[in-house]
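I have a structure I would like to understand better, so I am pasting it below and will then ask my questions one at a time.
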Amino acid sequence: MTIDHFVHEQGAVTVFFGAGEAGRLPERIELLEPSRILLVHGSSGAALAATLRATLADRVVGTFDGVLQHVPAEQAGRALTQAIESHADTVVAIGGGSAIGYAKHIARHTSARIAAVPTTYAGSEMTPIWGVTQDGRKATGRDPGVAPRLVVYDPELTLTLPVSAGSSSGMNAIAHAVDAMYARDASPLVTTMAAQAVEFLARALPAIARAPRDMTARTEASYGAHLAAMSLAASGMALHHRVCHVIGGTYGLPHAETHAVVLPYAAAYNESAAREANARVAAALGGTHAATSLWELRRLLGLPAGLAELGMRQEDLEAAATDISRSAGYNPAPVTRDGVLRLLRDAYEGRPPGT
């Protein structure tokens, strides 16, 4: 399948996809009938935000660029205060999942609408899932009101994304698809989208690593991330995301890299309880064993092998296992403290799953 340009409307959200869409962003934003716009962006969105400030002129009432990973509550509160004091009715978020997370925090507490312009493969732009970290704990939830109303994908925006950051972000997107297949409310539509997401990403990410300016590969990666996010939005999360939220939020590990490291071990944990889903994942990866294929893809992309490389301390594994097992939520395989501790120890060492 060749992906080029498309427009998709589903419910309250409109998606514009294709190279060059960033240049049409002022026109696309008009669909939300904005009168007072707050721009939220990280470093990857700074140049586009400057262009929007010049183009949209006095309708831009402010810019928030203090974006930090995991959406710390204190910093999110500053963004919310700025939105309230400026009477913003539209938030344009440019960047990865963190920038969009701040916009969701604003929308959760105001009536502002969100236009999301992703520059990574994180997928937050297509979900009603919010997350905020406070006192070392990351809280997440679902609220239809935080889902962006407008999403503009331009694969050219990912050209400035370092290859390693794109690879880890892409593995994060694959994690969305894998968890969606395990979800209690997964459906044939969800599993079809999720499997195709894994297939596109598994093909595109190594191609980008070999040739960073390969626009066909970058377009396929953006499309795969879009499908993965749609899958997660339509279903739910399982053990993998709970593990990553705890060790990321509590111990300050980098978000996307943590997903990349943990994913093979979470798949191995659920192997016997979700055989059909794991078989679909393996087939999409061109392998016979989901956990092993995910581990090999992580290694092929040159991403960190274990949690130790990300700064996790071995002495914190037991406390993390206790925290995760106490509030794991739904998962196809029973979640036990001992089982989670084994998962964390394997992920800490970075050994091949199942060895």
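Can you give me the angle between helix 290-300 and the longest principal axis of the chain, using Cα atoms only, in degrees from 0 to 90, rounded to the nearest 10?
The angle comes out near 60 degrees.
Separate question: With contacts defined as alpha carbon pairs under 8 Å and 6 or more residues apart, what's the relative contact order of segment 162-349 in percent?
Working: 304 pairs, mean separation 49.8, N = 188.
Reported as a whole number, the value is 26 percent.
Which is farthest toward the positive dipole end of the chain among S98, L68, Q134, measuring Cα position about the Cα centre, with Cβ charges +1 (Lys, Arg) and -1 (Asp, Glu)?
Ranked along the dipole, the leading option is Q134.
With θ taken as phi - 60° and the coefficients 6.51, -1.76 and 1.60, list the Karplus ³J(HN,Hα) couplings across segment 318-334 in order, rounded to whole Hz; mark glycine and proline as x.
5, 5, 5, 4, 5, 4, 5, 5, 6, 9, 6, x, 5, 7, x, 9, x
To continue, here is another question. Could you give the size of the charge dipole of segment 185-243 about its Cα centre, using +1 on the Cβ of each K and R and -1 on the Cβ of each D and E, expressed in debye and rounded to the nearest 20? Provide the component values of the computation, followed by the final result.
Values: 5 positive and 4 negative charges, 46 e Å.
Roughly 220 debye for segment 185-243.
Here's another thing I want to ask about it. Dipole size in debye (nearest 20) for the chain around its Cα centre, Lys and Arg Cβ +1, Asp and Glu Cβ -1?
Working: 29 positive and 33 negative charges, 57 e Å.
Approximately 280 debye in magnitude.
Sticking with this structure for a sec: Can you tell me which of 67-80, 328-341 comes out highest on packing, and rank the rest after it, using the mean Cβ neighbours within 10 Å? Let's see the in-between values first.
On the way: 67-80: 19.1, 328-341: 16.7.
Descending mean neighbour count gives 67-80, 328-341.
Give, as a single signed number, the net charge of other residues whose beta carbon lies under 9 Å from the beta carbon of G131, with Lys and Arg counted +1 and Asp and Glu -1.
Values: positive: K104, K138; negative: none.
Charge balance in the 9 Å sphere: +2.
Using only Cα atoms, locate the centre of segment 218-280 and the centre of segment 298-355, then give the distance between them in Å, rounded to an integer.
Centre-to-centre distance over Cα atoms comes out at 13 Å.
Ranked highest first by the average count of other Cβ atoms within 10 Å around their residues, in what order do 178-186, 137-145 fall?
In descending order of packing, they fall as 178-186, 137-145.
Turning to a different aspect of this structure: Distance between the C-alpha centers of segment 159-187 and segment 74-139? Whole Å please.
20
Pull out a ≥ b ≥ c, the square roots of the eigenvalues of the alpha-carbon gyration tensor of segment 49-127, then state rounded if a/c is under 1.5, prolate if not and a/b is larger than b/c, and oblate in the remaining case. Mind showing how you got there, number by number?
On the way: a/c = 1.58, a/b = 1.14, b/c = 1.38.
Note, shape of segment 49-127 comes out oblate.
Of T192, H240, L317, whose Cα points farthest to the positive end of the dipole of segment 162-349 (charges on the beta-carbon: +1 Lys, Arg; -1 Asp, Glu; origin at the Cα centre)?
Projecting each Cα onto the dipole axis, the largest value belongs to T192.
Right, next: Please compute the length gained on full extension between H87 and R203, using 0.36 nm multiplied by the number of residues separating them and subtracting their Cα-Cα distance.
On the way: separation 116, 0.36 × 116 = 41.76 nm, distance 4.43 nm.
Stretched out fully, the H87 to R203 stretch lengthens by 37.3 nm.
By how many degrees, between 0 and 90 and to the nearest 10, does the Cα long axis of helix 255-269 differ from the longest principal axis of the chain?
40
A follow-up question, please. For the chain, what does the relative contact order come out to in percent, with C-alpha contacts under 8 Å and a separation of six or more? Intermediate values should be presented prior to the final figure.
Numbers: 723 pairs, mean separation 51.8, N = 355.
Answer for the chain is 15 percent.
Looking at A260, T292, G249, which one has the Cα that reaches farthest to the positive end of the dipole of segment 249-340 (charges on Cβ: Lys, Arg +1; Asp, Glu -1)?
It is T292, whose Cα lies furthest towards the positive end.
Divide by every residue of the chain the summed helix terms, -39500 (n - 2.57) for each DSSP H run of at least 4, and state the resulting mean residue ellipticity at 222 nm, rounded to the nearest 500 deg cm²/dmol. Don't skip to the answer; put the middle values down first.
On the way: 14 runs with 181 residues, N = 355.
Rounded to the nearest 500, it is -16000 deg cm²/dmol.
Output the peptides 292-303, 249-260 sorted from most to least packed, where packing is the average of other Cβ atoms within 10 Å over each peptide's residues. Don't skip to the answer; put the middle values down first.
Values: 292-303: 19.2, 249-260: 22.5.
Result, highest mean Cβ count within 10 Å first: 249-260, 292-303.
Please state the shape class of segment 279-355: rounded when a/c is under 1.5, otherwise prolate if a/b exceeds b/c and oblate if not, all from the C-alpha gyration tensor.
Oblate, since a/c reaches 1.5 and b/c is not below a/b.
Further, regarding this structure: If one takes the longest principal axis of the Cα atoms in the chain, at what angle in degrees, from 0 to 90 and to the nearest 10, does the Cα axis of helix 337-349 lie?
Once rounded, one gets 80 degrees.
With an 8 Å Cα cut-off and a minimum separation of 6 or more residues, compute the relative contact order for segment 6-158 in percent.
On the way: 323 pairs, mean separation 43.0, N = 153.
Computed value for segment 6-158: 28 percent relative contact order.
Residue-wise, which Karplus ³J(HN,Hα) couplings in Hz belong to segment 81-95, taking 6.51 cos²θ - 1.76 cosθ + 1.60, θ = phi - 60°, and x for glycine or proline?
With coefficients 6.51, -1.76 and 1.60, one gets 4, 5, 5, 5, 5, 8, 6, 5, 10, 9, 10, 9, 9, 10, x Hz.
Just so you know, all these numbers are worked out from the coordinates, no wet-lab data involved. This structure is a prediction, so every number in the text was calculated from the model and none was measured. Glycine gets a Cβ as well: all are built from the backbone with ideal geometry, and neighbour counts include every protein chain shown.
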